[in-house]
1. In terms of Cα to Cα distance under 16 Å, which aspartates and glutamates are near enough to LYS162, apart from those fewer than 8 places away along the same chain?
2. According to a simple spin-label model (label point 7 Å from Cα along Cα-to-Cβ), what is the distance in nm between ARG18 and VAL126?
3. Roughly how many nanometres apart are two label points built 7 Å out from the Cα toward the Cβ at GLU208 and LEU173?
4. Once the dipole of the stretch 41-104 is set up with Lys and Arg at +1 and Asp and Glu at -1 on Cβ about the Cα centre, which of LEU103, SER51, HIS68 lies farthest towards its positive end?
5. Using the Karplus curve 6.51 cos²θ - 1.76 cosθ + 1.60 with θ = phi - 60°, work out ³J(HN,Hα) for each residue of the stretch 172-183 in order, rounded to whole Hz, and write x for Gly and Pro.
6. Got a sec to turn the phi values of the stretch 44-59 into Karplus ³J(HN,Hα) couplings, 6.51 cos²θ - 1.76 cosθ + 1.60 with θ = phi - 60°, whole Hz, x for Gly and Pro?
7. Using the Karplus equation 6.51 cos²θ - 1.76 cosθ + 1.60 (θ = phi - 60°), what ³J(HN,Hα) coupling, rounded to whole Hz, does each residue of the stretch 208-218 give in order, writing x for Gly and Pro?
8. For the stretch 83-188, what class follows from the C-alpha gyration tensor (a ≥ b ≥ c being the square roots of its eigenvalues): rounded when a/c is under 1.5, otherwise prolate if a/b is larger than b/c, else oblate?
Amino acid sequence: MTQVSGSAPTRGRGRPARLSRDQIVDAAVALVYEDPATPLTIKRVAEAADSAPMALYRYFPDRDDLLHAVADRVATGMSFEPPVGASWREQLRNWMTMSMEYLRPYPQLLPYIASTRQPAWLPSFVLLTEMLEPLSLGEQDLALAITLIGTTIVGQATLASKRRPMSDMLPTLRQALDKASADEQVRVAPILDALPAAFGRLDDVVIESTIAAVEALSPKGGGAGRASKRGRKGPMNPLFSNPSPA
């Protein structure tokens, strides 16, 4: 962590610096971003924070509590600026795309982000209520729309983070298909060939389907195309509100 010159208190020779909760979370966020495949443990975070594992238990009773804190930090870590004069559809499309891309490097945190203990999602609620204002949704439908959007973002990011690379999947699928009947091979072989392109289009299709489902809730239907207030004002924060931990 960078410290401002002269801001740190003087300490005696050999006395360890006092570890803070923020320092621990900062170290953990950096670890999980740089090495997402390796489980985040108290020991790894302690080493990254140049501390002993027991010192972390002063702030976090267990690993699960630490992961919740790290997830909360990540869930408040990205800013977003919509295109000037963008319609609510354009804003939502860009926001969902950026949010999915932002979350993918944190596969082990996604379950905790989905069940955050802190009000990390509140900024996104405020943003989406303003973004979707042109649709004139009632309270129940607006709550459903926001839930659908958030579930789609986290769900797609989770799927992408857990899915095996196509270079690994296709050989296994083709080997299994070789044991199938001739009729099944004729039916399925072209689908396997098309899978890489299908996965490449998946996010776009899911986002457009979500936008269509949200718009279908509106009593205005297809007429709700004007820019939202957020689009006219300029910068806004999406699901996240602070600079990226990356």
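1. ASP35, GLU101, ASP203
2. Between VAL126 and ARG18, the simple spin-label model gives 3.1 nm.
3. 2.1 nm
4. Projecting each Cα onto the dipole axis, the largest value belongs to LEU103.
5. Using θ = phi - 60°, the values come out as 5, 5, 5, 5, 5, 5, 4, 8, 7, 5, 4, 5 Hz.
6. 4, 5, 4, 4, 5, 8, 6, 9, 8, x, 4, 5, 6, 5, 5, 9
7. 5, 5, 5, 4, 5, 5, 5, 5, 5, 6, 7
8. prolate
The values are calculated or read from the model by the stated rules, or taken from the named source; none is laboratory data. Bear in mind that the values here come from a model prediction, so they are computed numbers and not experimental data. All Cβ positions, even for glycine, are placed from backbone atoms using ideal geometry, and neighbour counts span all protein chains on display. Note: areas computed on protein heavy atoms with side chains; ligands, DNA, RNA excluded. Shrake-Rupley method; radii C 1.70, N 1.55, O 1.52, S 1.80 Å.
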